[in-house]
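Here's the structure we're looking at; comments come further down.
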Amino acid sequence: MTEPLTYTLENKVAVVQMDDGKANALSTAMIAGLRAALARAEQEASAVVLAGRPERFCAGFDLRVMMSSPDAATAMLKDGGLLLLALYGATLPLVVACTGHALAGGALVALTGDHRVGATGAFKIGLNEVAIGLPVPVLAMELARDRLTAAELPRATLGATIYDPEGAVRAGYLDEVVAPDQVIARATEHAARLGALSRNAYRATKARLRGRTIRYIESMMDEDMKTLLAPPA
């Protein structure tokens with residue numbers, strides 16, 4: 001099977017680009033590939049850029065697996081949750097290059113970045129769970145609470161509001177938007193800048209900034225899974 005991502009290292013910046021040829025879903029292979037890429041980068045790079053392919057950043061969890069059985073859905077949510085926590089707590093700077101649509105789990109991947117650069121265009125970014133009849137998981141809620149603006153948090157979660165890239169900047173999903181052909185280059189510039197900072201100081205400060213949220217999510221994950229996947233009353 002073709003690998004769903006590529007990994008390149010240049011001037012100590014690892015560029016990880018998701019491309020499954022379709023919507024860049026968080027499939028079993030994509031999750032495993034991202035975990036491996038992050039682990040590799042933490043050994044040999046000073047910073048990471050996480051990108052999608054043109055017009056598609058990440059479509060969230062693979063619906064074919066999610067709908068195949070409760071056990072398969074539980075396994076995918078657990079593996080995906082661990083990936084998101086690893087990205088959020090990465091020990092080196094992580095810059096997201098949001099190259100296009102980022103919905104549900106894809107929006108969460110965007111939220112894990114230390115800096116998020118988006119592409120201008122008719123792209124959709126946001127948490128659509130409530131709109132499709134699902135509760136927002138604790139993991140998603142806590143990442144949103146950490147990264148989105150207080151004014152937009154209810155609209156983004158309860159209201160399942162989907163934003164265009166400019167609106168995503170105002171809400172807190174992104175930090176800036178640039179032309180599509182400049183997204184990865186701009187993200188790489190930020191990665192190089194952040195990667196030049198003290199690695200130890202950056203890691204320790206990030207742990208202080210995000211550690212409480214990560215620990216809370218870890219403590220709630222198993223119980224939350226049961227609620228999410230329980231049949232409706």
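The values are calculated or read from the model by the stated rules, or taken from the named source; none is laboratory data. Bear in mind that the values here come from a model prediction, so they are computed numbers and not experimental data. Every residue, glycine among them, receives a Cβ derived from its backbone with ideal geometry; neighbour counts consider all protein chains shown.
Things worth noting here:
A quick yes/no check of all residues on (1) among the basic types (Lys, Arg); (2) farther than 21 Å from GLY126 by Cβ:
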| site | (1), (2) |
| --- | --- |
| TYR7 | no, yes |
| ALA25 | no, no |
| ARG35 | yes, yes |
| GLU44 | no, yes |
| ALA47 | no, yes |
| ALA51 | no, no |
| VAL65 | no, yes |
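- Any hit, the range 28-42, residues being modelled with pLDDT of 95 or more, touching a Leu at 6+ places or on another chain (Cβ under 6 Å), within 21 Å of VAL138 (Cα to Cα) and buried (at least 18 other Cβ atoms within 10 Å of the Cβ): yes
- Residue match in the range 157-166 (condition: of a type outside the set (A, V, I, L, M, F, W, C), touching a Phe, Trp or Tyr at 6+ places or on another chain (Cβ under 7 Å), surrounded by 18 or more Cβ atoms within 10 Å (Cβ to Cβ) and on the phi < 0 side of the Ramachandran plot): yes
- Options VAL169, VAL138; residue that is touching an Asp or Glu at 6+ places or on another chain (Cβ under 6 Å) and within 24 Å of ARG210 (Cβ to Cβ): VAL138
- Residues within the range 43-70 that are in contact with a strand residue (DSSP E or B) (Cβ under 6 Å, 6 or more places away or on another chain), buried (at least 19 other Cβ atoms within 10 Å of the Cβ) and either modelled with pLDDT under 95 or not basic (Lys, Arg) (or both), tallied: 13
- Criterion: of a type in the set (Asp, Glu), closer than 28 Å to GLN43 by Cβ, modelled with pLDDT of 95 or more and out of contact with any strand residue (DSSP E or B) (no Cβ under 9 Å at 6 or more places or on another chain) - qualifying residue of ASP175, ASP146: ASP146
- Candidate set from the range 13-22 (those that are surrounded by fewer than 21 Cβ atoms within 10 Å (Cβ to Cβ) and touching a strand residue (DSSP E or B) at 6+ places or on another chain (Cβ under 7 Å)); member that is nearest to ALA196 (Cα to Cα): GLN17
- When each of THR91, THR99, THR74 is tested for being surrounded by 21 or more Cβ atoms within 10 Å (Cβ to Cβ), polar (S, T, N, Q) and in contact (Cβ under 8 Å) with a residue 60 or more places away in the chain, the lone residue that passes is THR99.
- Within the set GLY195, GLY211, GLY126, the sole residue that is farther than 19 Å from VAL49 by Cα, touching a strand residue (DSSP E or B) at 6+ places or on another chain (Cβ under 8 Å) and in contact (Cβ under 8 Å) with a residue 40 or more places away in the chain turns out to be GLY126.
- For GLY106, the conditions (1) closer than 19 Å to LYS22 by Cα; (2) in contact with a helix residue (DSSP H, G or I) (Cβ under 9 Å, 6 or more places away or on another chain); (3) in contact (Cβ under 8 Å) with a residue 60 or more places away in the chain are fulfilled apart from (2).
- Counting the residues of the range 194-219 that are over 17 Å from the mean Cα position of the chain (by Cα), closer than 24 Å to VAL13 by Cβ and assigned to a helix (DSSP H, G or I) gives 11.
- Annotation note: Cβ proximity below 6 Å between a residue of the range 8-33 that is farther than 16 Å from ALA102 by Cβ and a residue that is surrounded by fewer than 18 Cβ atoms within 10 Å (Cβ to Cβ) and of a type in the set (S, T, N, Q) (sequence gap 6+ or interchain) occurs for VAL15/THR8.
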